[in-house]
1. Among the DSSP beta bridges whose two residues both lie in the chain, what percent are antiparallel, rounded to the nearest 5?
2. Over the range 12-96, how many pairs of lysines fall under 22 Å by alpha carbon, counting only those 8 or more apart in sequence or from different chains?
3. Starting at 0 and stepping by 10 Å, how many percent of the alpha carbon pairs of the range 120-259 end up in each bin?
4. What does the charge add up to near SER155, with Lys and Arg as +1, Asp and Glu as -1, over the other residues with Cβ less than 12 Å from its Cβ?
5. Which peptide among 144-153, 60-69 comes first, and what is the full order, when sorted by highest mean count of other Cβ atoms within 10 Å?
6. Running a GNM on the chain with Cα contacts under 10 Å, which residue among ILE46, ILE125, ILE313 ends up with the highest mean-square fluctuation?
7. Given the DSSP H assignment, sum -39500 (n - 2.57) over each helix run of at least 4 residues in the chain and divide by its residue total; what's the result at 222 nm in deg cm²/dmol, nearest 500?
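Please treat every number below as a calculation from the coordinates, not as lab data. From a predicted model like this one, the values you see are computed outputs, not experimental measurements. Every residue, glycine as well, gets a Cβ built from its backbone with ideal geometry; the counts of neighbours run over all protein chains shown.
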Amino acid sequence: MNRFPQGAPPSEYLFKILSILFTEKEAELVSTLPIKPFTSEKASQIWKLDINSTRKILDNLADKAILVDVEKNGESIYTLPPPMAGFFEFSLMRYTKDIDQKTLAELFHQYMNVEEDFIRELFTIGETQLGRTFVHEPALSDDDALIILDYERASEVIQSASHMGVGICYCRHKMHHMNKACEAPLDICMTFNSSAESLIKHGFARSVDKVEGMDLLQRAYEENLVQFGENVRERVNFICNCCGCCCEALIAQRKFSALNPIHTTNYLPVVDSGACIGCMKCVDVCPVEAMTLISTNDSKNPQKRTARLNENICLGCGLCVRVCRHEAIKLKQREQRVITPMNSAHRVVLMAIDRGTLQNLIFDNHVLMSHRALAALFAVIFKLPPAKQVLASKQMKSRYLETLLRKMKV
């Protein structure tokens, strides 16, 4: 699993988790699969099994959400998702009796919240991270609402998705088994497009239309939940509606804020100290503790306090704007725009370069990708800044890529 850009550091708790999710035979078979999408014919060749036996195993793994399967031109295409965002979450996205979810939740808590190696590696290595924050759209001024880009809106992700599903929130479900869950709703985390198609088919998510999707988003707004989604501009696969107390991403933001574990929005709140009465509503609602109260140093009123923002850890979600009854907080655009990868392939390549695992995407299972897939990956690399191209070339140890990059500059 560590061949993924989002790996999973070995641990006693990890092996216990895997022993619940996989049989020993399944683990042996899955360990040989490519980390790129593959067909049943490809798996049959790798496993040296007949095609019917192979399809039966693949479909059983998809039924357990170990694999994600989608139909393309009448053929099933399978993908082994990373642990997170992937099959870790899927295991708790519905209530089921075929696995011990309480024991699994306790193991997840130990592996992610106590040991921390997994969360640190997932969220803090490199410049490109797994997820990004979506701005609280009702908090935007009329001017900002006119110029915000479509990919910055959770509402646009809902409106443009080919498929949409809603499932049980993995984070709060895990904390429920730990007797630490908050009162935020469970059935509100969203999947989209190909991921939703597979999860709906196998019962891990419930299919919803665009109207219900917008209703769920409004419910998330009213519950003061943060929209944390896949860090891409096109065909977003998930948006979680996160609370600061249970959700892994926001906990990581608080613990490792100096390492920027979550990509922020393109907005920052601005406090009008003259209008602020120090009511603490913004402090209480902030999921990453970016708001504090400080003294106004008013000699006539020494008890008077005002809100102060720590811009270095602020997500730019806009929840503080929503709860301020005195309109003392407004959003402004950041001076430097946050760069969002175009799509999942672009993000995965960037993450792989940052983490030194690009060669795993290209030479997976020691077999070269098809010419078409290799060309698509090179097309992403060619668009990277020069420093990233140098890192890519070093990781691949490929004179071929080095020569191509030189020719592209001519």
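1. Details: 33 of 34 bridges.
Around 95 percent of the beta bridges assigned by DSSP in the chain are antiparallel ones.
2. 18
3. All Cα pairs, binned at 10 Å, distribute as 12, 40, 38, 10, 0 percent.
4. Numbers: positive: ARG153, LYS210; negative: GLU137, ASP150, GLU152, GLU156, ASP215.
Around SER155, the charge tally is -3.
5. Working: 144-153: 14.0, 60-69: 20.2.
The peptides rank, most packed first, as 60-69, 144-153.
6. ILE46
7. Working: 19 runs with 167 residues, N = 410.
When only DSSP H runs of four or more count, the value is -11500 deg cm²/dmol.
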